[in-house]
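Asker: One structure, as structure tokens, below. Some questions next.
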Amino acid sequence: MGAMSPVSIAATLAQQVAEALAGVALAELVRPGTPVILGSFLSNTDMQSGSPSLGSPKSAIGLLCGGQIARRLGIPWRSGGGALTSSQTVDAQAAYESMMTMLPTFLAGLSSTENYERWLRNGGHDACQRAAQIWEQTLAEYEQPFMDDDLETELRAYVAERRTALGD
């Protein structure tokens, strides 16, 4: 925010979503039904130095809002990781800034808000078990998008040729 996009969270989100949906539309035009993920590395800029302010509260709010927009659109979401910080050393600043970029990711849907009794009745699954259920369900529901047989054959031949040429 403030360097490659408008300075406000709302305006940056509008630009970010417009750019991402343009990519989604292009992917759909090239291969209808192709899986996509909406992503963000949203941070704000220190207007005095021009440096990115990684792990700031504005960044955290923007990431959380981006996750909510993705959820509303029904598109999977990924955002910045837990190591995003502007700190110059491993200190308390590095810890709280990293937490501020990691927390919105958790708040976007991997957490349980059930009370203890309901949680037990529903199996008492911890975060790892819930995450495993989500990816297993997502994988089970995945449907391979249609691709013309000739195009698929051509693409597979190209990939095989490049692997040979690159030594893979």
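Asker: Can you figure out the FRET efficiency of A14 with A140, using R₀ = 41 Å and their beta-carbon distance, to the nearest 0.05?
Answerer: Efficiency at R0 = 41 Å is approximately 0.75.
Asker: Between R156 and S87, what is the label-to-label distance in nm when each label sits 7 Å out along the Cα-to-Cβ direction?
Answerer: 5.1 nm
Asker: Okay, moving on. Between E28 and L120, with labels modelled 7 Å along Cα→Cβ, what's the label distance in nm to one decimal, could you check?
Answerer: 4.6 nm
Asker: If a/c stays under 1.5 just call it rounded; otherwise compare a/b with b/c (prolate if a/b is bigger, oblate if not). Do that for the stretch 126-168, with a ≥ b ≥ c from the square roots of the Cα gyration tensor eigenvalues.
Answerer: Verdict is oblate for the stretch 126-168.
Asker: Just add up the charged neighbours of P32: K/R +1, D/E -1, any other residue whose Cβ is under 15 Å from the Cβ of P32.
Answerer: -3
Asker: What 222 nm value per residue comes from the helices of the chain, counting each DSSP H run with n ≥ 4 as -39,500 (n - 2.57) and dividing by all residues, nearest 500 deg cm²/dmol?
Answerer: Taking each H run of at least 4 residues, the total per residue is -18000 deg cm²/dmol.
Asker: Which whole-number percentage describes the relative contact order of the chain, with Cα contacts under 8 Å and a sequence gap of 6 or more?
Answerer: 19 percent
Asker: Taking the Cα centre of the stretch 126-168 as the origin, how large is its charge dipole in debye, to the nearest 20, when only Lys and Arg (+1) and Asp and Glu (-1) carry charge on their Cβ atoms?
Answerer: Magnitude of the dipole: close to 300 debye.
Asker: Working out 0.36 nm times the residue gap between D46 and A3, then minus their Cα-Cα distance, what length gain in nm do you get to one decimal?
Answerer: So the extension gain works out to 14.6 nm.
We did not get these values from a lab; they are worked out from the coordinates using the rules stated. A quick note: this is a predicted structure, and the numbers were derived from the prediction, not measured. Every residue, glycine as well, gets a Cβ built from its backbone with ideal geometry; the counts of neighbours run over all protein chains shown.
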